[in-house]
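First comes the structure, then the notes that go with it.
The values are calculated or read from the model by the stated rules, or taken from the named source; none is laboratory data. What you see is a predicted model, and the numbers here were worked out from it, not measured in a lab. Neighbour counts run over all protein chains shown; Cβ positions are idealised from the backbone, glycine included.
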Amino acid sequence: MSAFPSVPPGEAIAVSATMYTTYRTCPDQALARLHGDYPPDTRVSFKGNLAHRMFARHLRTGEVAAADFDQACKEEIGQGMNVKIGAVGLRPSTLRGVIAEVGELYDRFKRLSHDGFREAEVFVEVTVGDDLVLRGSVDAVFDGTCDGPLLIDWKTGALGHAQDQLAFYALLWWLESQTLPERVEAVSVSTGERYAEVPSIESVRETAEEVATMVRQLRAALAADVRLERTAGGWCRWCPILSDCAEGAAAAAVFDS
Ligand code: SF4
C-alpha cells in the first residue's frame, strides 16, 4: 500500500492525531473542531505541555540539574506558552506549584531508558491531493532493533486509550517514508504503564480506511450543515459543545457525581 484511499474532494481538512482520536471517541465533537470549537486550555494541559517540553529538552541537550530546573521551565514557558498562563488563570504562586509537579514527572522521566534516542518532537505532515493534510508530532523516535524506528508517545497522566493515536502515527510514518515503524508505544511517565503495538501493512491499511471514512463523513456533514453521531462518556466533561448536547450533559453528570 503506498497511496491513501481516495476521498471525494471537498472542504480543505487538516487531520491531526487529536482530530482522529476525537472522532473515534465522538464523531460530532470532531466535527465541532472543524467549526472552530476547541476544548479550553486547562491547568492539566498546561502542565502536560510543559512536561513534554522538558522531556524533549532533556533528550536534546542532556539532564537539567535540579538547581536549574525552575529557570529551564521558565525558558520553555517563554517560548510560546506565556499566553496560556493567563488563559489557564495561573498566578506566580500557582505556577510554582505546576513547575514542582513537572519536576516530579521529570524525575520519573529521567529514570526511563533513553538508549537509541534519535530525535524528539518529530513533526510529520503528509499532503493527500489538494485538500487533505494528515499531520502529527511524535514525541520521540528511537532506533529499533531491526530496520524500522520505535515511535514513543509520552503520557503525563494515565495511559488511557492510546491505540488510535499510535495507529495514526504508524499510518503517518508509512505514508511519509514508505517504511513501517518497528513498534509504536505509549508510556505513562506518571504510572510507568506501557502499551505497544507492532504495525503491519494490514493494520496501517485498516487505519487509512478508517481515516478516509472519517474525512468522507466530516466533509458530507460540512456540506449538508448537519451534525454527526454523538457518543457520550466521561470525555464529555471536557467537550467544547457540552452545553448544547443533552447526551453529553447526562454523561458528564454521571461521571462528575
Ligand atoms: S458532549 Fe459528549 S456526546 Fe456530546 S458532542 Fe461532546 S463528546 Fe459528543
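Summary of values
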| read-out | value |
| --- | --- |
| Residue list for region 233-243, filter: near the ligand (Cβ under 6 Å from one of its atoms) and of a type outside the set (A, V, I, L, M) | W235, C236, C239 |
| Some residue of region 197-208 being in contact with a strand residue (DSSP E or B) (Cβ under 8 Å, 6 or more places away or on another chain) and either within 13 Å of the ligand (Cβ to nearest atom) or not in a loop (DSSP other than H, G, I, E, B) (or both) | yes |
| Of the criteria (1) at pLDDT 95 or above; (2) assigned to a helix (DSSP H, G or I); (3) surrounded by fewer than 14 Cβ atoms within 10 Å (Cβ to Cβ), which one S93 fails | (1) |
| Single residue of E104, E121 found to be charged (D, E, K, R), part of a strand (DSSP E or B) and touching a Ser or Thr at 6+ places or on another chain (Cβ under 9 Å) | E121 |
| Matching entry among Q217, Q165 (being among the polar types (S, T, N, Q), within 16 Å of the ligand (Cβ to nearest atom), within 22 Å of the chain's Cα centre (by Cα) and surrounded by 15 or more Cβ atoms within 10 Å (Cβ to Cβ)) | Q217 |
| Of the criteria (1) of a type outside the set (G, A, S); (2) under 22 Å from A14 (Cα atoms); (3) within 25 Å of the chain's Cα centre (by Cα); (4) more than 8 Å from the ligand (Cβ to nearest atom), which one R230 fails | (4) |
| Filter result for the condition that a residue is of a type in the set (S, T, N, Q), at negative phi and in contact with a Cys (Cβ under 9 Å, 6 or more places away or on another chain), over Q71, Q29 | Q29 |
| In region 89-114, residue nearest to C73 (Cα to Cα) [restricted to those that are touching a helix residue (DSSP H, G or I) at 6+ places or on another chain (Cβ under 6 Å) and in contact (Cβ under 8 Å) with a residue 60 or more places away in the chain] | L105 |
| Hey, A66 among the small types (G, A, S) and either surrounded by 17 or more Cβ atoms within 10 Å (Cβ to Cβ) or within 23 Å of the chain's Cα centre (by Cα) (or both) or not | no |
| Checking G157 against (1) in contact (Cβ under 8 Å) with a residue 60 or more places away in the chain; (2) away from the ligand (no atom under 16 Å from the Cβ); (3) in a helix (DSSP H, G or I); (4) surrounded by fewer than 18 Cβ atoms within 10 Å (Cβ to Cβ), the condition it does not meet | (3) |
| Qualifying positions in region 227-244 - outside any loop (DSSP other than H, G, I, E, B) and of a type outside the set (A, V, I, L, M) | G234, W235, C236, R237, W238, S243, D244 |
| Residue pairs meeting the criteria (Cβ under 7 Å; at least 6 apart or on separate chains; first under 15 Å from D107 (Cβ atoms), in region 45-56; second polar (S, T, N, Q)) | K47/T156; A51/T156 |
| Criterion violated by P240 - all others in (1) within 26 Å of F55 (Cα to Cα); (2) within 18 Å of the chain's Cα centre (by Cα) satisfied | (1) |
| Only listed residue being more than 15 Å from L134 (Cβ to Cβ), at pLDDT 95 or above and surrounded by 19 or more Cβ atoms within 10 Å (Cβ to Cβ), chosen from V211, V198, V184 | V184 |
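Results for (1) within 16 Å of the ligand (Cβ to nearest atom); (2) part of a loop (DSSP other than H, G, I, E, B); (3) under 24 Å from I152 (Cα atoms); (4) hydroxyl-bearing (S, T, Y), shown as yes or no for each residue.
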position	(1), (2), (3), (4)
G10	no, yes, no, no
T18	yes, no, yes, yes
K47	no, no, yes, no
A72	no, no, yes, no
